[in-house]
1. Counting just the residues of the range 49-78 that are charged (D, E, K, R), buried (at least 16 other Cβ atoms within 10 Å of the Cβ) and part of a helix (DSSP H, G or I), which one comes out modelled with the highest pLDDT?
2. Any idea which residue in the range 385-399 is surrounded by the most Cβ atoms within 10 Å (Cβ to Cβ), counting only those that are touching a strand residue (DSSP E or B) at 6+ places or on another chain (Cβ under 8 Å) and farther than 27 Å from Asp427 by Cα?
3. In the range 41-72, how many are over 16 Å from Gly213 (Cα atoms), within 21 Å of the chain's Cα centre (by Cα) and among the acidic types (Asp, Glu)?
4. In the range 360-382, which residues are under 30 Å from Phe350 (Cβ atoms) and not aliphatic (A, V, I, L, M)?
5. Just give me the residues in the range 41-92 being in contact with a strand residue (DSSP E or B) (Cβ under 9 Å, 6 or more places away or on another chain) and farther than 13 Å from Ala125 by Cα, in sequence order.
6. Quick one: how many residues across the range 219-260 are among the charged types (D, E, K, R), part of a helix (DSSP H, G or I) and without any contact (Cβ under 8 Å) to a residue 40 or more places away in the chain?
7. Residues that are of a type in the set (S, T, N, Q), at least 2 per element: which strands (runs of 3 or more DSSP E) completely within the range 158-218 meet that?
Amino acid sequence: MKKVILIIPLLAIIYLSLFGQKTTILKEPTVDKRVELLSIVFRLADSREYSSKRFPEYVDRIEKHFGKHREHQLIKFIKEELRKKGVGYDAVMAMAISISEKFEFVPLVPFSQEIPESRWGKKSATTFLKLLNDFYLVADCETFFKENESLYQEASSRFRRVYEELDLDWYQNFYGEKPKGEFNIVNGLGNGGGNYGPNITIDNKEIIYAIMGTWSIDSLGMPKYELNDYFPTLLHEFNHSFVNPVVEKYHEELSQSGPIIFDLLQGRMESQAYSNWKTMLVEAVVRASVIKYLKDHDYEKGFIQNELNDEINRGFLWTDELVEELERYDNNRVNFPALESFMPEIVKFFDRTASRIDKIQETVNAKRPKVIEIIPFENGSQEVEPSLEKIKIVFDRPLKAKGYSISHGDKGKEAYPKLGEITYSEDKKSVFLELDLESNKEYQFILTGRRFKTEEGFGMNNYEIGFKTKNE
């Protein structure tokens, strides 16, 4: 009997060691009411990135409860002050994780010009939080959250399949250590296709969030988290827990190459909210590590290649070569027991990349599709017939012909034409756009590489099309 008593605790210890690991380095997914609250108020302020209707059931609940509060001073402040300062996208989520989890909301770290994020500024952040606390009471937010508690639990439960796909052993083995900070997975039900990875440091401990949007639903109108859609993003975000502190430690050594590379790619990086070279290099290592994970787990070669091409399309032109560096590191663990010990080699890699970044960009651009003709007028024409109903855009090589990506330009939505059916030619080298034009009007739109890609997956550089119709 005594032997049994001794064995049971030992078995318990072994069980916890083997199966309890996930709870020690990665918390289960959850819905964060701070994230929901801020997405809701920015939705009420007509912020495009927080106005998704991809989860109709939840959007209807928001409108039913909060629609009558659009005239609250908080919403006016967002529209009249914050949006003009560029507060949106990730800056909103940075505020969400920077305040206490329960009402009355207070800053977890004193607001400054950089906290919660530089676009806010200390004064605006302070005013916003004061108005947010008032809105919470006036709009009876507590009742809304209580009424939707079961919905939140169901959504996070459905996301568990994605969460459980992560191979945590790989992370600790590959990086050679446990994450130095804390990592939280948050299901953002009102965020549509927006995913964000904000972080905050409290008492010298970095807390990183993977705020995952909800952009697909099933036949019953409930969130549907497909692995192929959501797992790559979660995989990406969890890498930040390991990469951020390592890159930060080598900030000075990377300060020679980083600005050179960023200067060439600034526009593409800033369009993704990567506003400085340090953020760019963190993202570079994270994205290469994702490809390494996929390769180590025997994902299909086509899937891996698509992911790699996507990174190159985003401006991380050197990703294939950086993956090779990470493979060299992983094959020499006696000399490099942890990624931190390999960082001097990463520094050398980016020094080499900076010295030839123009050549790298030239090589990648040669693989991108290019517009060679617009029929029946030349780009920039000021004499387009307003009766024109269709144009043909000709490329220099075949495209994948799966969807399209067209956005308005700096002249705004007013210059964006009314588009009808969009089709591809049989040889996939041309795109036909049906138009509904007005006379004596300027038009402008931009073709992007998000969908206009070669069959190999290389996206085009943004291509602006502009013209003016005749006065009739």
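1. Arg61
2. Pro386
3. Number of matching residues: 1.
4. Matches in the range 360-382: Gln361, Glu362, Thr363, Asn365, Lys367, Arg368, Pro369, Lys370.
5. Arg54, Phe55, Pro56, Glu57, Tyr58, Tyr89, Asp90
6. Total meeting the criteria: 3.
7. Where strands (runs of 3 or more DSSP E) fall fully within the range 158-218 and carry at least 2 residues being of a type in the set (S, T, N, Q), they are 182-187, 199-202.
Conditions (1) of a type outside the set (Phe, Trp, Tyr); (2) at pLDDT 95 or above; (3) in contact with a strand residue (DSSP E or B) (Cβ under 6 Å, 6 or more places away or on another chain), marked per residue:
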site: Met222; (1), (2), (3): yes, yes, no
site: Tyr225; (1), (2), (3): no, yes, no
site: Ser241; (1), (2), (3): yes, no, yes
site: Val247; (1), (2), (3): yes, no, no
site: Tyr250; (1), (2), (3): no, yes, no
site: Ser255; (1), (2), (3): yes, yes, no
site: Gly258; (1), (2), (3): yes, yes, no
site: Phe262; (1), (2), (3): no, yes, no
site: Arg268; (1), (2), (3): yes, no, no
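The values are calculated or read from the model by the stated rules, or taken from the named source; none is laboratory data. None of the values given here were measured: they were computed from a predicted structure. Don't worry about glycine lacking a Cβ; one is built from the backbone with ideal geometry, like all the others, and counts go over all protein chains shown.
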